[in-house]
Structure formats: structure tokens, C-alpha cells
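One structure below.
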Amino acid sequence: LGLAGGPLVVAILLSRIAMSALLADVGRYHAAGAFPGSGRLVPQLGADQEREVPAATAMLLTALGRVNEPSVMRTVMAYEACAVGRREMVGLPYDGARSPTLQAYLIAVARAYVDAVSASLGSPSRTADEAFARLTERWPDGVGRTALRLLTGALGFFPAGTLVELSTGEIAAVVATAADPAR
């Protein structure tokens, strides 16, 4: 993550990741043709439209931002996060010539977790354990697993199967996560 340089550098990087995460959906609206005044909501996108989202995100963020380091970094993170999240459809970003950043994986994994625990139309929401199991299958590579571990640490829950050391010094395995993982 480039954490050398102290707390200010970390705060700047985290704010850039957060801004990229907030802007990562801008390409969905372009692909769906849902612009202000169009009267269209963003429906479930088709496969061809989903393939357009990473490039549309990069194009719109480049057009909206200035060409400076923070803007370029946000654009790259958002583009890579969109591509990593759709890699089954669009393939690897940069045709595999360069690996996406850990920051992009953090955004993509966090967004996938929110999608996994949120109720889709006509279906119930998933528990944190179910969402984590699904994401473990979706992110089998090293960087994806690292981002998933960082997410679970940030959320503060221990998914089923995690080995923990009790205050007595004994080792135990988590059998299930509470309905409210924060508890």
C-alpha cells in the first residue's frame, strides 16, 4: 500500500481509495445510458454493457478530473476495481501485462461483500458467513485473498472455520458468526 511516510501519507491514500470506491459506479450509468434528464434508472446491465463499465469509468473520470496525480490515481483505482470485479467477463486489466493494485482489489472485494450481504430483488440477504464463503470462492488468488483478509479484519468478524486463540490459551475454531457480526 505504500505506507512509508507516516500517518499523513496513509490518510491521503485511504481518502483516495474511498473516493475511487465512491466513483467506481459512474461507468454503469454511462453504459446504461442513464444520464441526468434521461429519466432512466440504472437497470440490471446486460453482458455487453457490463463489459463497457471499466472503460466507461476511466473515460468519465478522466474527462471530469484534471490531469494531476490524485485524479489519475483515483481513475486508475476505479478502472482496475471495475475490471477486477468483472474479470470473468472482461478479462484481466491491461490484458494481463500488469497486475491490478492492491487498492483496486480492496475496492472490488468490499463492493462484492456489500453486494453479497445485500438482499437482491426477490431473494433474502446472506449472512456474513455465507457472503465470506462466496467471496472466498470468487477471489482464489493471493491478492484477492489478502484483500478479503483485510476486509474481515476491518469489519471485525471471524468467519466460520477461523482458528482463534482463547484467553485461556486454548485454540478453538469458529463454528458460525452471529447474525450481527459486530457482536
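The values are calculated or read from the model by the stated rules, or taken from the named source; none is laboratory data. These numbers were taken from a predicted model, which means no experiment stands behind them. Glycine gets a Cβ as well: all are built from the backbone with ideal geometry, and neighbour counts include every protein chain shown. With ligands, DNA and RNA removed, areas are computed over all heavy atoms of the protein, side chains included. Shrake-Rupley method; radii C 1.70, N 1.55, O 1.52, S 1.80 Å.
Within segment 7-29, residues that are free of Cβ contacts under 8 Å to residues at least 40 places away in the same chain and open to solvent by 70 Å² or more (accessible area, probe 1.4 Å) have Cβ atoms under 7 Å from residues that are in a helix (DSSP H, G or I) and among the polar types (S, T, N, Q) in no pair, counting only partners at least 6 apart in sequence or on another chain. In segment 38-56 there is at least one residue that is touching a Leu at 6+ places or on another chain (Cβ under 9 Å), surrounded by 13 or more Cβ atoms within 10 Å (Cβ to Cβ) and closer than 25 Å to Asp141 by Cα.
For segment 108-125, state whether one or more residues are aliphatic (A, V, I, L, M), touching a Ser or Thr at 6+ places or on another chain (Cβ under 7 Å) and in contact (Cβ under 8 Å) with a residue 24 or more places away in the chain. No, that holds for no residue. Looking only at segment 72-90, residues that are surrounded by 23 or more Cβ atoms within 10 Å (Cβ to Cβ) and within 19 Å of Arg145 (Cα to Cα) come to 7 in all. Looking across Ala160, Ala133, Ala172, one residue alone is part of a helix (DSSP H, G or I) and surrounded by 10 or more Cβ atoms within 10 Å (Cβ to Cβ). It is Ala133.
Is it true that Pro93 is closer than 27 Å to Ala178 by Cα, touching an Asp or Glu at 6+ places or on another chain (Cβ under 8 Å), free of Cβ contacts under 8 Å to residues at least 40 places away in the same chain and surrounded by 18 or more Cβ atoms within 10 Å (Cβ to Cβ)? Here the answer is no, as Pro93 does not meet what is asked. There is no residue in segment 60-71 that is touching an Asp or Glu at 6+ places or on another chain (Cβ under 7 Å) and either under 28 Å from Val9 (Cβ atoms) or surrounded by fewer than 19 Cβ atoms within 10 Å (Cβ to Cβ) (or both).
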